[in-house]
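K.L.:
Take this structure first; my questions come after.
The values are calculated or read from the model by the stated rules, or taken from the named source; none is laboratory data. The shown structure was predicted, so the numbers you read here are calculated from the model rather than taken from an experiment. Note that we place each Cβ from the backbone using ideal geometry, even for glycine, and neighbour counts take in every protein chain shown. Accessible surface areas use protein heavy atoms only, side chains included; no ligands, DNA or RNA. Shrake-Rupley method; radii C 1.70, N 1.55, O 1.52, S 1.80 Å.
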Amino acid sequence: AISAQACCRPCCPREHPAQARASGPMACRRRAPLVSLLLVAAVLRLTWVTAPGHVSKNDSAFLESFPVARQWKPLLSGRAPRPQGSVVPLQELHIRQPRQQALRSQRSIGVSRQGVFAEVVEIIESQPSLFIGEIAAVVVLSAIFEAADHWVRGKLKEYGDDTGSQIVDALFKEVTVLGFIGLLLFLTTRSGTADSLAAFIYGVRDWSAESENPLAETFETVHIMIFLLLVVLLFQAGAILVVTRQVSRRWGDYESSRGFGMTPESLESKFVEAGYIERVPNPAAPRGVDLIMTKPFDYGVDIWDRLQKRRSDLNKLIMYRAIRHEFLYPRREHRKTTASVRDPALFSFESYLEKRLGKTVLALVEVSASTWLISIVALAPIIYFCVGKPAVFIRGVQCLCAWFLVACAALLTVLLEEDTYKFTPQVPSDPRQTLRLFSGTSTQMLRRASQYAKSSEGAARIAGVNGKSSRPGLGGIENQKKALLIKPPFFNGDSQTFLSALAYEQLFRLISFFQAVSLTSLIVCFFNSPPQTLIEGVLYALSWCEWPVMLFFVVPVLMRRLTFRNSIEGKKDVRTMRQVAGEGNRGLIRDFVVLVRLMGLGQRSHELEAHHDPHHDRASIIAKVDEHNATFELKSQSEQLEIWNIYAVWDVDNDGEVILPEVVQTFQTMGFDKQIAEQSATNLLRLVDEDGTNIFTWRKVKALAVMAQSVKPTDSLDADMTAFFDLVDINGDGKVTAKEMTLAMRRMRIGLQTEDIANLLYEHFREAKLAVTREEFCEWTRAMSSPVVVA
């Protein structure tokens, strides 16, 4: 055990943080065989001293004091054969003497060490095949467990789920710690220490068959119950993480919602659906319609009104965009006191919230000493109250406690939502002014603005950047001054909150721990005494029904509001902001790599057409698009989102259609010749134009994205990245510096600084690079073409 602890100590982040990051939990598992050999050697040494023929004279004298043991003395000394079919009655060898005599005997001859593995020795002697089979079973189970661990970690890495990987690490950490605790308890109970401790506490000198030692009997059981509790807590945190992923996906939808447009996802359509504005035909107005306000918009006049309105998806969307707008563009009086985002076009607020959400879930796994203390104080009266009560009464108490947790969590959610409202900026009461305020601030429009704002024809195209080309008439308010967000109530005089952000987090952690305790008690009670009557079965089932209600209905709302509460105003996490900004830079490079590959696909389109129907008929195109769309759905969410962002930037009118000149303009902006860009874009459209409309739809772009990565992936990628290198290599010397790449990126409307390029090169090569060769550049871009998880 000491060797194992010394082996694992370098991986402890508190003592060696740098080495812990470099090695991680896998380093401990690589050292596991050495630790296992040391433990096996210790076991063999202990079993050898108790084997037949190795009983010393002092041991023999001690055994003489036991009447039953005298007849087994020849067997233990190896001088007489064992009677056929006999088994050593070990329980008789442990007949208890008066406590003082037993303690003196143990101190004089060290029985506590020799008797620990005596039972194992007898099993090896009587049935060696059973012992070998048990070892084989342990090895097989260990291999299965490790294979499952590798599979889970691979899936988490594939989906870029860093928080899930940390939860798995926490699981192995708890297994390791509790494993050593189990070994300590085993040695304590088998060596007689538990007997001595019980005699000291209870004052009993002889434990008869009718009165078993309570410490020796319950030590191991309590340890297993605590282990089960922590495992339930870890799996509960994993389930919460999976459920809250739905929340993060909804945040992504909110972030990409455009202000104006006829699509159902636009803010305009949602306001019309909710009855706040009405589309009135007007041939003289843009788009042939005017937007007329039918009723003002607000979050609610009081707490009950706000509770009702928060069920609306429009209300959630407006609050999200208001908080996001304040985060990206802080007020002038807050700019010197809070961290700010350098380039909002490259910053994903949804990614920031998702990382903060992951940290909140991970905090649920780490049980502090104060949580244990509060739990003991709260549960001790309930345990004493239930002692001696019938089983149906205990089932009722379990059911009552479980649903009481739901009520507490629901109340905490209401208070947290009300406090979040006080930190949320207020929007104009006129929904049309709100549309003007949020127009052009979606992720796609911000990125489009960064690409075209400085182009030669930017003045002509910038109308589409802010969504002006897709705006209808606004009933006369388009000539009024653009409204701004109103200060949150907290900064406008109403500064009273129910609880602090830290108090909310601690209470939620405590509720989550009590939830795990409730589940553990249900599991233990079932194995101890399953429900016997109908009433017990109903109460037991109701207790289990509480868990999905808490997990699927209460927890997502609580997690969403808690994440917002910890992410606004003075609660900004600067480290997470820098991490998200770095990921935005990598995402921008990946987007450009995708565009380069699409450009290369258009230039190689004749190779694809040669593998299909020579007439290139419509049926073959439809079948091909169907097949590639099915493949696209198998990609990770982050990869799908990157392709969608490219398509959304093209869809300037937000009508689900992209015309050919938009794609040609993108290729020209990248630095390709106009004629080559037009030919490549035309070839791409011909590959997937299943309906003959000469329009790029989302379905067609998904098929193109798959095709660009599926045709001779290695050769085509190298050719595409070589073309990318030629665009970046301004002086044509076969090498590119960070400054050259920065100038080329700016020419291609990619707003990266020289330090950003240098950081990206350092992250890949792990050394400062003044310049990279063609081969190194291709290697770097290949690595950048897939999502990277940053710890």
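K.L.:
What is the residue count in segment 608-641 for residues that are at pLDDT 80 or above and open to solvent by less than 40 Å² (accessible area, probe 1.4 Å)?
P.N.:
Within segment 608-641, residues that are at pLDDT 80 or above and open to solvent by less than 40 Å² (accessible area, probe 1.4 Å) number 7.
K.L.:
Now a separate question. Check PHE172 against each of (1) open to solvent by less than 30 Å² (accessible area, probe 1.4 Å); (2) at pLDDT 75 or above and name the one condition it does not meet.
P.N.:
Of everything listed in (1) open to solvent by less than 30 Å² (accessible area, probe 1.4 Å); (2) at pLDDT 75 or above, PHE172 misses just condition (1).
K.L.:
Would you confirm, using the coordinates I've provided, whether ALA719 is modelled with pLDDT under 85, open to solvent by 50 Å² or more (accessible area, probe 1.4 Å) and in a loop (DSSP other than H, G, I, E, B)?
P.N.:
no
K.L.:
Okay, next question. Out of (1) part of a helix (DSSP H, G or I); (2) closer than 12 Å to ILE589 by Cα, what's the single condition that is false for ASP726?
P.N.:
Every condition holds for ASP726 apart from (2).
K.L.:
So which of ALA391, ALA407 is in contact (Cβ under 8 Å) with a residue 24 or more places away in the chain and of a type in the set (Gly, Ala, Ser)?
P.N.:
Matching residue, one of ALA391, ALA407: ALA391.
K.L.:
Is it the case that segment 379-389 has a residue that's surrounded by 18 or more Cβ atoms within 10 Å (Cβ to Cβ) and farther than 30 Å from ARG471 by Cβ?
P.N.:
No, that holds for no residue.
K.L.:
If I go through segment 233-257 residue by residue, how many of them are open to solvent by less than 20 Å² (accessible area, probe 1.4 Å) and modelled with pLDDT of 85 or more?
P.N.:
4
K.L.:
Any residue at all in segment 152-163 that is hydroxyl-bearing (Ser, Thr, Tyr), closer than 22 Å to LYS355 by Cα and assigned to a helix (DSSP H, G or I)?
P.N.:
Yes - at least one qualifying residue is present in segment 152-163.
K.L.:
In the list LEU346, LEU362, LEU373, which residue meets the criterion of being surrounded by fewer than 21 Cβ atoms within 10 Å (Cβ to Cβ) and modelled with pLDDT under 85?
P.N.:
The conditions single out LEU362.
K.L.:
While we're looking at this one, here's another question. Just the residues that are assigned to a helix (DSSP H, G or I), of a type outside the set (Gly, Ala, Ser) and open to solvent by less than 80 Å² (accessible area, probe 1.4 Å), please, taken from segment 390-407.
P.N.:
Residues satisfying the conditions are VAL392, PHE393, ILE394, ARG395, VAL397, GLN398, CYS399, CYS401, LEU405, VAL406.
K.L.:
Output the number of residues of segment 729-743 satisfying the condition of being closer than 19 Å to ARG590 by Cα and open to solvent by less than 40 Å² (accessible area, probe 1.4 Å).
P.N.:
6
K.L.:
Shifting gears a bit: How do the helices (runs of 4 or more DSSP H) wholly within segment 494-570 filter down when requiring 1 or more residues that are out of contact with any helix residue (DSSP H, G or I) (no Cβ under 9 Å at 6 or more places or on another chain) and not charged (D, E, K, R): which remain?
P.N.:
Once the helices (runs of 4 or more DSSP H) in segment 494-570 are filtered for at least 1 residues that are out of contact with any helix residue (DSSP H, G or I) (no Cβ under 9 Å at 6 or more places or on another chain) and not charged (D, E, K, R), what remains is 501-528, 534-549.
K.L.:
Follow-up. Of these, LEU598, LEU558, which one is at pLDDT 80 or above and over 27 Å from GLU642 (Cβ atoms)?
P.N.:
Testing whether each residue is at pLDDT 80 or above and over 27 Å from GLU642 (Cβ atoms) leaves just LEU558.
K.L.:
Quickly run through segment 686-700 and pick out the residues that are open to solvent by 10 Å² or more (accessible area, probe 1.4 Å) and aliphatic (A, V, I, L, M).
P.N.:
Of everything in segment 686-700, just one residue is open to solvent by 10 Å² or more (accessible area, probe 1.4 Å) and aliphatic (A, V, I, L, M), namely ILE695.
K.L.:
If I filter segment 652-664 down to residues being touching a residue at least 60 places away in the same chain (Cβ under 8 Å) and open to solvent by less than 50 Å² (accessible area, probe 1.4 Å), which single residue comes out as nearest to VAL688 (Cα to Cα)?
P.N.:
Out of the qualifying residues, it is GLY656.
K.L.:
Sort out which residues of segment 284-310 are at positive phi and either open to solvent by less than 50 Å² (accessible area, probe 1.4 Å) or within 36 Å of the chain's Cα centre (by Cα) (or both), and write them in order of number.
P.N.:
GLY288, GLY300
K.L.:
A further question on this structure: Scan segment 269-283 and tell me whether some residue there is under 25 Å from ARG250 (Cα atoms), part of a helix (DSSP H, G or I), at pLDDT 85 or above and open to solvent by less than 30 Å² (accessible area, probe 1.4 Å).
P.N.:
Checked against the condition, which is being under 25 Å from ARG250 (Cα atoms), part of a helix (DSSP H, G or I), at pLDDT 85 or above and open to solvent by less than 30 Å² (accessible area, probe 1.4 Å), segment 269-283 yields at least one hit.
K.L.:
Please work out if LEU328 is crowded, with 19+ Cβ neighbours inside 10 Å and under 34 Å from the mean Cα position of the chain (by Cα).
P.N.:
Judged against the criteria, LEU328 is not a match.
K.L.:
Please name all residue pairs, on different chains or six or more residues apart, with Cβ atoms under 6 Å, provided the first residue is in segment 672-684 and is farther than 11 Å from LEU660 by Cα and the second residue is open to solvent by 30 Å² or more (accessible area, probe 1.4 Å).
P.N.:
So the pair list comes out as LYS674/GLN668.
K.L.:
Turning to a different aspect of this structure: Suppose we filter segment 513-571 for residues that are open to solvent by less than 50 Å² (accessible area, probe 1.4 Å), over 21 Å from TRP403 (Cα atoms) and hydroxyl-bearing (Ser, Thr, Tyr); how many remain?
P.N.:
Total satisfying the criteria: 3.
K.L.:
Only residues that are small (Gly, Ala, Ser) and free of Cβ contacts under 8 Å to residues at least 40 places away in the same chain: list them for segment 617-651, please.
P.N.:
ALA619, SER620, ALA623, ALA630
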